[in-house]
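Data first, discussion second: the structure below is written as structure tokens.
The values are calculated or read from the model by the stated rules, or taken from the named source; none is laboratory data. On a predicted model such as this, the values are computed, not experimentally measured, just so you know. Please note: Cβ atoms are built from the backbone with ideal geometry, for glycine as well, and neighbour counts cover all protein chains shown.
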Number of protein chains: 2
Amino acid sequence: MNEFELIDSIVAALGDTVRDENCLVGPGDDSAAVRCEPGAVLVSSIDALVADVHFPTDAAAELIGYRALMVALSDLAAMGADASHVLVSLTLDQVDVAWVRALAEGMREAAVSAGVFIAGGNVSRGPLAIHVSAHGFADALRLMKRDGAKPGDSVYVTGQLGGAAAALQRGRLAPSDDLDELNSAYFRPSARLLEGRALRDVASSAMDVSDGLLQDAAHLADASGVRIELESVRIPIVTGATLQHALTGGDDYELLFTSHAEIPDLAVGVSRIGRVSEGHGVWLDGSPVEAAGYQHFL
Amino acid sequence: MNEFELIDSIVAALGDTVRDENCLVGPGDDSAAVRCEPGAVLVSSIDALVADVHFPTDAAAELIGYRALMVALSDLAAMGADASHVLVSLTLDQVDVAWVRALAEGMREAAVSAGVFIAGGNVSRGPLAIHVSAHGFADALRLMKRDGAKPGDSVYVTGQLGGAAAALQRGRLAPSDDLDELNSAYFRPSARLLEGRALRDVASSAMDVSDGLLQDAAHLADASGVRIELESVRIPIVTGATLQHALTGGDDYELLFTSHAEIPDLAVGVSRIGRVSEGHGVWLDGSPVEAAGYQHFL
């Protein structure tokens with residue numbers, strides 16, 4: 001099988017998710033062409049999942065594909081963007097067609113779930129890795145950035161934290177589809193796109209929790225020039241995970257945001273976990289904390 | 001040095017190329033936000049350069065960075081798009097700050113040369129690889145696609161072919177900045193953005209030559225449902241390269257296009273290398289040829 005037959009096989013597995021009424025040119029040409037939302041700004045992010053760094057190589061390919069797309073889309077959710085499409089750059093150290101098709105099926109499932117299409121990609125030889133660039137549109141005035149938190153705002157997080165970290169620490173990452181709650185948290189995160197859109201008119205700042213709550217809160221505090229004060233008893237924790245997982249674990253892909261307005265009800269739940277004050281850094285239960293979380297290059 | 005200090009160092013090396021009047025949010029937030037050209041379609045592509053597959057690891061980091069951006073931008077040139085910006089996803093197996101800064105400086109140089117900005121990126125641990133998604137805007141009606149070649153059109157190529165393949169075969173890929181013509185062809189390709197824009201009103205189809213002229217011509221013939229007949233004596237060859245390099249070598253990043261109109265003068269030169277006829281496949285000097293070129297998974 002050559003590169004082009006492999007691409008045909010991937011495109012076949014992606015099914016309808018390579019098509020969209022706004023897509024003028026999809027997979028198969030030099031570039032994709034997508035109609036822009038009139039008056040909108042383009043919101044774009046790029047992310048990588050590398051074998052044995054960001055996922056266990058023996059996990060089910062569907063789960064790896066699903067996770068790769070959701071992780072990339074989470075960055076659009078954090079901006080409050082309307083997600084539109086993704087491009088996928090895949091490097092493979094061997095060609096196992098069944099595996100690659102399963103990977104594509106996982107991507108298809110994530111694309112359907114998130115309401116995006118897969119506009120194009122690239123396949124080449126190299127150590128197994130999946131890089132995804134995710135694209136959406138937003139009103140320039142309604143972008144949720146990291147730098148808008150103000151003293152007096154409350155601090156919130158969507159959903160529950162710590163599940164993915166607890167799954168990683170437990171060390172039994174599922175090679176199959178039969179996932180318990182912790183493995184689901186790791187392998188099947190949901191990009192909080194719906195929530196991002198619901199929050200973009202009320203949040204003063206936002207980001208996704210990917211490297212651990214304390215570290216990510218420190219980035220938000222830094223970008224906004226404020227102090228973030230968290231209360232540990234208010235932090236929502238996945239059953240089976242600990243406070244430590246929630247504080248420093250990472251891979252949650254929930255939204256951390258600040259607001260001084262009333263927060264709309266969200267199906268995934270929203271917890272008020274602290275407040276913004278004058279100063280800098282992150283405080284937990286009244287004391288400053290050293291930000292600790294996932295460090296890619298410790 | 002942690003991940004965030006490394007990113008700061010990269011952003012510093014990128015200098016002014018992370019800023020643009022159309023860039024509302026640049027590096028440092030969850031996503032980049034870029035103002036869309038009114039009425040335009042978004043043209044996007046993604047490409048990967050993997051160490052020891054797409055470049056020699058001991059090459060100068062500036063050259064690797066330069067090449068990574070240009071290769072990705074070449075796909076926009078092939079569509080006739082106005083290139084706008086790129087996102088870069090970098091995986092590093094070790095942190096050599098001087099090396100990474102040099103890589104970023106090469107990217108900066110390519111970005112300045114191509115007139116694009118670097119809107120954001122991602123750095124994580126993994127085998128050395130650089131994935132770049134490139135984005136631009138175009139008029140929907142002026143997109144150069146692969147499927148528009150018509151019998152009676154002439155076939156053209158910009159510039160000269162074979163130089164990169166000759167450099168690869170010679171096996172002395174420069175670890176330094178002192179490049180001869182062949183190494184320049186390999187390490188410092190120019191995305192033909194200016195040429196793509198000049199050709200978009202006259203070309204009936206186009207693509208970039210990345211996998212070798214014969215193989216790429218076969219894709220164009222396939223997409224358009226036509227035969228492409230090439231004449232070997234008309235194929236422009238870099239000094240020091242052979243016809244075989246030009247036909248099957250790849251890595252040229254020149255534009256292959258078809259047209260029945262008058263072709264504007266281009267500084268890099270344009271050669272008429274054949275014609276489009278009814279049928280299928282690629283013919284060379286009156287005989288059908290088996291498409292041969294770079295196969296990522298032979």
Complete set of residues in the stretch A:62-88 that are closer than 18 Å to A:Arg19 by Cα and outside any helix (DSSP H, G or I): A:Asp82, A:Ala83, A:Ser84, A:His85, A:Val86, A:Leu87, A:Val88
Of residues in the stretch B:35-45 being touching a Gly at 6+ places or on another chain (Cβ under 9 Å) and modelled with pLDDT of 95 or more, the one surrounded by the most Cβ atoms within 10 Å (Cβ to Cβ): B:Ser45
A:Gly225 being small (Gly, Ala, Ser), out of contact with any Asp or Glu (no Cβ under 7 Å at 6 or more places or on another chain) and surrounded by fewer than 17 Cβ atoms within 10 Å (Cβ to Cβ): yes
Residues located in the stretch A:1-44, provided they are out of contact with any strand residue (DSSP E or B) (no Cβ under 9 Å at 6 or more places or on another chain) and within 20 Å of A:Tyr66 (Cβ to Cβ): A:Ser9, A:Ala12, A:Ala13, A:Gly15
Scan of the stretch B:68-127 for residues that are polar (S, T, N, Q) and either without any contact (Cβ under 8 Å) to a residue 40 or more places away in the chain or closer than 16 Å to A:Ala129 by Cβ (or both), ordered by number: B:Ser89, B:Thr91, B:Gln94, B:Asn122, B:Ser124
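I need a count of the residues in the stretch B:213-238 that are part of a helix (DSSP H, G or I), more than 12 Å from every other protein chain (Cβ to nearest Cβ) and among the hydrophobic types (A, V, I, L, M, F, W, C).
Taking the stretch B:213-238 first, the residues part of a helix (DSSP H, G or I) are B:213-224, B:232-234.
Among the residues that remain, those that are also more than 12 Å from every other protein chain (Cβ to nearest Cβ) are: B:213-214, B:217, B:221, B:232-234.
Narrowing the set further to residues that are among the hydrophobic types (A, V, I, L, M, F, W, C) leaves B:213-214, B:217, B:221, B:233.
So the count comes out to 5.
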Given (1) modelled with pLDDT of 95 or more; (2) more than 7 Å from chain B (Cβ to nearest Cβ), number of the condition A:Ala48 does not satisfy: (2)
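Considering only the stretch B:270-286, state which residues are assigned to a strand (DSSP E or B) and either crowded, with 19+ Cβ neighbours inside 10 Å or not hydroxyl-bearing (Ser, Thr, Tyr) (or both). I'd like the intermediate steps shown before the answer.
Our first condition is that a residue be assigned to a strand (DSSP E or B); within the stretch B:270-286, this holds for B:270-277, B:281-284.
B:Val270, B:Arg272, B:Ile273, B:Gly274, B:Arg275, B:Val276, B:Gly281, B:Val282, B:Trp283, B:Leu284 - these are the residues of the stretch B:270-286 that are assigned to a strand (DSSP E or B) and either crowded, with 19+ Cβ neighbours inside 10 Å or not hydroxyl-bearing (Ser, Thr, Tyr) (or both).
Has the stretch B:187-207 got at least one residue that is polar (S, T, N, Q), closer than 20 Å to B:Asp147 by Cβ and in the same structural domain as B:Gly159 (by TED's automatic domain parsing)? Break it down into steps so the answer makes sense when it comes.
Going residue by residue through the stretch B:187-207, those that are polar (S, T, N, Q) are B:190, B:204-205.
Those left that are additionally closer than 20 Å to B:Asp147 by Cβ: B:204-205.
Now restrict to residues that are in the same structural domain as B:Gly159 (by TED's automatic domain parsing): B:204-205.
Scanning the stretch B:187-207 turns up at least one residue that is polar (S, T, N, Q), closer than 20 Å to B:Asp147 by Cβ and in the same structural domain as B:Gly159 (by TED's automatic domain parsing).
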The listed residue being surrounded by fewer than 24 Cβ atoms within 10 Å (Cβ to Cβ), more than 25 Å from B:Ala167 (Cα to Cα) and either touching a residue at least 24 places away in the same chain (Cβ under 8 Å) or not basic (Lys, Arg) (or both), out of B:Ala267, B:Ala261: B:Ala261
Subset of the stretch A:40-70 (residues that are under 18 Å from B:Ala138 (Cβ atoms) and out of contact with any Phe, Trp or Tyr (no Cβ under 9 Å at 6 or more places or on another chain)): A:Ser44
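For the stretch B:97-212, please list each of the strands (runs of 3 or more DSSP E) lying entirely inside it that holds at least 2 residues being of a type outside the set (Val, Ile, Thr) and crowded, with 22+ Cβ neighbours inside 10 Å.
Values: elements: B:117-125, B:129-138, B:154-158, B:205-208.
The qualifying strands (runs of 3 or more DSSP E) are B:117-125, B:129-138, B:205-208.
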Subset of the stretch B:15-39 [closer than 28 Å to A:Cys36 by Cα and more than 10 Å from chain A (Cβ to nearest Cβ)]: B:Asp16, B:Thr17, B:Val18, B:Arg19, B:Asp20, B:Glu21, B:Gly26, B:Pro27
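Do you know which of the residues in the stretch A:239-249 that are crowded, with 24+ Cβ neighbours inside 10 Å and assigned to a loop (DSSP other than H, G, I, E, B) is nearest to the chain's Cα centre (by Cα)? Let's see the steps before the verdict.
Of the residues in the stretch A:239-249, the ones crowded, with 24+ Cβ neighbours inside 10 Å are A:241, A:245-247, A:249.
Next, only the ones that are assigned to a loop (DSSP other than H, G, I, E, B) stay: A:241, A:249.
Details: A:Ala241: 20, A:Gly249: 15 Å.
The qualifying residue nearest to the chain's Cα centre (by Cα) is A:Gly249.
Looking at B:Leu42, B:Leu63 in this structure, which one is within 7 Å of chain A (Cβ to nearest Cβ) and on the phi < 0 side of the Ramachandran plot?
Details: B:Leu63 fails: within 7 Å of chain A (Cβ to nearest Cβ).
After ruling out the rest, the residue left standing is B:Leu42.
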Single unsatisfied condition, A:Leu256 versus (1) assigned to a helix (DSSP H, G or I); (2) within 13 Å of A:Thr158 (Cβ to Cβ): (1)
Every residue from the stretch A:228-238 that is buried (at least 19 other Cβ atoms within 10 Å of the Cβ), out of contact with any Lys or Arg (no Cβ under 6 Å at 6 or more places or on another chain) and not β-branched (Val, Ile, Thr): A:Leu230
Any hit, the stretch A:217-236, residues being within 18 Å of A:Val71 (Cα to Cα) and either small (Gly, Ala, Ser) or in contact with a Pro (Cβ under 6 Å, 6 or more places away or on another chain) (or both): no
Residues of the stretch B:75-96 satisfying the condition of being over 21 Å from A:Asp29 (Cα atoms) and surrounded by fewer than 24 Cβ atoms within 10 Å (Cβ to Cβ): B:Leu92, B:Asp93, B:Gln94, B:Val95, B:Asp96
